[in-house]
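The values are calculated or read from the model by the stated rules, or taken from the named source; none is laboratory data. This one's a predicted model, so the numbers in the text were calculated from it and none came from an experiment. Cβ: placed from backbone, ideal geometry, glycine included. Neighbour counts: every protein chain shown. Note: accessible area is taken over every heavy atom of the protein model, side chains too, but ligands, DNA and RNA are not part of it. Shrake-Rupley method; radii C 1.70, N 1.55, O 1.52, S 1.80 Å.
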Amino acid sequence: MTENKVNFDGQVVIVTGAARGIGAATARLVAARGAKVFAFDINRDGLLELQKELSLADNQIGTLDIGDQDSITTTINAVAQSAGKIDALINTAGIVGPTNVKVENVSWPDFENTLRVNLFGTIWLTQAVIPYMKSAKYGRIAHVASIAGKEGNPGMSPYNVSKSGMIGFIKGVAKEIAPDGIVINALAPAVISTPMNADTSDETLKYMISRIPMGRVGQADEVAEILAFMGSSACSFTTGFTFDASGGRATY
Ligand SMILES: NC(=O)c1ccc[n+]([C@@H]2O[C@H](COP(=O)([O-])OP(=O)(O)OC[C@H]3O[C@@H](n4cnc5c(N)ncnc54)[C@H](O)[C@@H]3O)[C@@H](O)[C@H]2O)c1
């Protein structure tokens, strides 16, 4: 019989940003496909709901601010110690940062905070898991970037920089770790229906949808399917790439 490689039986998968939205959908999906999921977020209440839903042990959830390098190191080391390995990291945690603010008016603390969470968090998480994956000669790393990192959104320069930085980061790292059996990719969604967009005005949503040939926003479950592939052994000959989830908006 043909092997189902988007299956996580016996695998340890870390999901960040797992309390809601794309991260929660991904945690649910990979758990349903057999993964032992370790779920992290700054939102403890959301994690507790997920814990209940997926019957996760207490050490399989944890509050983690990915904008804090020391916390990342401690958390990743703790997972590796208790689970014995880390097969995949799926990093969906992120913030939008300032919107509708022209670049000359963005305060540096706001700019830096957006970079710290989205970009530095990506770097620190990657640095923390690589040694474990190298010793296992296997690993899958998937980071959620954004179409904003490919095209740029006006009034959102910190977010644009953070997401294009993620895309650039994975390209070079992929070449470094390819000989070690580790694959690292990014994903660039267009607008997806999640709590992140709960406050987006109807007018803005209409404009965003008008740019999507499929004529609708994406769903978290659809993004989770791509991330599950990226985090699985089936993703075996693609690295340093930015996958698309934009309903036909970005065909490059
Ligand atoms: N929703 C969209 O339209 C869209 C489009 C493109 C890219 N993205 C990206 O997808 C990812 C997931 O977004 P979403 O739509 O599910 O958003 P969301 O706001 O619903 O979920 C993001 C999660 O990340 C967590 N988080 C935020 N800062 C954190 C930190 N410092 N440390 C740990 N966790 C933190 C939040 O608590 C939340 O649970 C983000 O990286 C976002 O930039 C979203």
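Some observations on this one:
- Residues that are open to solvent by 70 Å² or more (accessible area, probe 1.4 Å) and either touching a residue at least 60 places away in the same chain (Cβ under 8 Å) or closer than 11 Å to VAL191 by Cα (or both), drawn from region 211-228: ARG211, ARG216, GLN219, ASP221, GLU225
- For region 145-162, the tally of residues that are open to solvent by less than 10 Å² (accessible area, probe 1.4 Å) and either among the charged types (D, E, K, R) or outside any loop (DSSP other than H, G, I, E, B) (or both) stands at 3.
- For region 215-252, filtered to residues that are outside any strand (DSSP E or B) and β-branched (Val, Ile, Thr), the residue that is nearest to VAL173 (Cα to Cα) is THR239.
- Residues that are away from the ligand (no atom under 14 Å from the Cβ) and closer than 19 Å to THR92 by Cα were ranked within region 110-127; the one that is most open to solvent (accessible area, probe 1.4 Å) is GLN127.
- Residues in region 179-208 that are in a helix (DSSP H, G or I) and open to solvent by 50 Å² or more (accessible area, probe 1.4 Å): PRO179, PRO195, MET196, ASP202, GLU203, THR204, LYS206, TYR207, MET208.
- Subset of region 20-50 that is in contact (Cβ under 8 Å) with a residue 60 or more places away in the chain and within 12 Å of the ligand (Cβ to nearest atom) - its residue that is most open to solvent (accessible area, probe 1.4 Å): ARG20
- Single condition LEU64 does not satisfy, out of (1) open to solvent by 30 Å² or more (accessible area, probe 1.4 Å); (2) within 12 Å of the ligand (Cβ to nearest atom); (3) under 16 Å from the mean Cα position of the chain (by Cα); (4) farther than 21 Å from PRO189 by Cβ: (1)
- Summed over region 67-79, the residues that are more than 19 Å from VAL144 (Cα to Cα) and open to solvent by 10 Å² or more (accessible area, probe 1.4 Å) give a count of 7.
- Residue selected from region 128-144 under the condition open to solvent by less than 10 Å² (accessible area, probe 1.4 Å) and either within 20 Å of LYS102 (Cα to Cα) or in a helix (DSSP H, G or I) (or both), by the criterion farthest from the ligand (Cβ to nearest atom): MET133
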